[in-house]
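Beneath this line is the structure, given in structure tokens, with notes to follow.
The values are calculated or read from the model by the stated rules, or taken from the named source; none is laboratory data. This one's a predicted model, so the numbers in the text were calculated from it and none came from an experiment. Here the Cβ positions follow ideal geometry from the backbone for every residue, glycine too, while neighbour counts run over all protein chains shown. Side chains included, ligands, DNA and RNA excluded: accessible areas come from the protein's heavy atoms. Shrake-Rupley method; radii C 1.70, N 1.55, O 1.52, S 1.80 Å.
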Amino acid sequence: MSEELFNAMRQSIIDGEAEEAEALAHQALEQGLDPLEAINQGYVAGVNYVGAQFGCGEMFLPDLVLAGEAMKAAVLVLEPEMQRRGTERQMLGKVVLGTVKGDIHEIGKTLVATMLSASGFEVHDLGVDVPVAKFAEKAREVNADIVGVSALLTTTMVGQKDVIEALADMGLRPNVKVMVGGAPVTRSWAEEIGAEGYSEDAIGAVAEAKRLMGV
Ligand code: B12
């Protein structure tokens, strides 16, 4: 029964059908399904498929954008229930996440946010085009363990370095760890700017965040 629902969820992401994805999320909650399971076995399977198809040139930009919108619509429905159960779950750590100033790419960042919260992190997603100071202010406000900074443009990558400096200026380093990512970002760039974490995808981002928390 839930297998059918998971397949429909996966397909709603592949088809980029936000309304369908949302309706299926409601259905899952009505049936008492674990929202985390719905995300991992349903929606994320769809996102992974779309990502792979995009990588080999079988799907295109509009497909990605629509898949991202559908994913967001589903997560919006499932999130309150995830948070409710999260209070019963041991949270692994607090992450402040955003895409740097001047950069409006949000799909990858949102995927990282979704995967982190699905894996038990408390995620504060600041969105896109986020001013440097806002990362540091939010980190202080919520007592963050990790700040994740996404950049998809070579011209905005330097913003990741600025965020590290802003955290240091506020006296939050080295307690608050920094994780960077985005298509042009490499491990050597992360090392150069003093970020403790780097990953080329959302699955790796979860592994990095766990490593930084020592779990
Ligand atoms: C979709 C897209 C857009 C969409 C964004 C829609 C949206 N709502 O996000 C739109 C159309 C708006 C757009 C606009 C532009 N784009 Co664009 N865009 C892309 C595209 C095709 C895909 C990006 C994407 O979503 N990928 C899918 C996700 C899942 O992957 P991802 O973002 O890389 O994220 C993964 C990892 O990087 C990692 N990750 C990401 N963030 C983080 C953070 C942390 C902490 C960690 C650990 C990991 C991590 O995990 C993610 C999940 O697996 C890329 C091409 C590409 N191959 O990357 C170009 C690309 C990034 N864009 C590019 C450009 C040039 C632009 C524009 C300047 C175009 C223009 N002339 O107007 C504008 C810039 C606007 C701005 N100011 O930001 C260039 C950048 C070149 C460069 N190196 O600087 C690229 C590489 C295309 C190209 N080959 O030329 N774009």
Report every pair of residues separated by at least 6 positions or lying on different chains whose Cβ atoms are under 8 Å apart, first residue within the stretch 39-63 and within 13 Å of residue 74 (Cβ to Cβ), second among the polar types (S, T, N, Q).
39/114; 42/7; 43/12; 44/114; 46/11; 46/12
Per the filter on the stretch 13-44, residues open to solvent by less than 80 Å² (accessible area, probe 1.4 Å), polar (S, T, N, Q) and within 22 Å of residue 201 (Cβ to Cβ) are 40
Scan the stretch 156-175 and tell me whether some residue there is open to solvent by 30 Å² or more (accessible area, probe 1.4 Å), outside the structural domain of residue 54 (by TED's automatic domain parsing) and under 29 Å from residue 39 (Cα atoms).
no
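Table: residues versus (1) in a loop (DSSP other than H, G, I, E, B); (2) within 11 Å of the ligand (Cβ to nearest atom).
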position	(1), (2)
104	yes, yes
114	no, yes
117	no, no
127	yes, yes
136	no, no
140	no, no
154	yes, yes
164	no, no
178	no, yes
Please pick out the residue among 125, 129, 103 that is open to solvent by less than 10 Å² (accessible area, probe 1.4 Å) and among the acidic types (Asp, Glu).
103
Report whether or not residue 62 is in the same structural domain as residue 17 (by TED's automatic domain parsing), within 13 Å of the ligand (Cβ to nearest atom) and of a type outside the set (Lys, Arg).
yes
Scanning the stretch 180-215 for residues that are within 14 Å of the ligand (Cβ to nearest atom), farther than 22 Å from residue 47 by Cα and part of a loop (DSSP other than H, G, I, E, B), the one least open to solvent (accessible area, probe 1.4 Å) turns out to be 195
A careful count of residues in the stretch 1-12 that are outside any helix (DSSP H, G or I) and surrounded by 17 or more Cβ atoms within 10 Å (Cβ to Cβ) gives 0
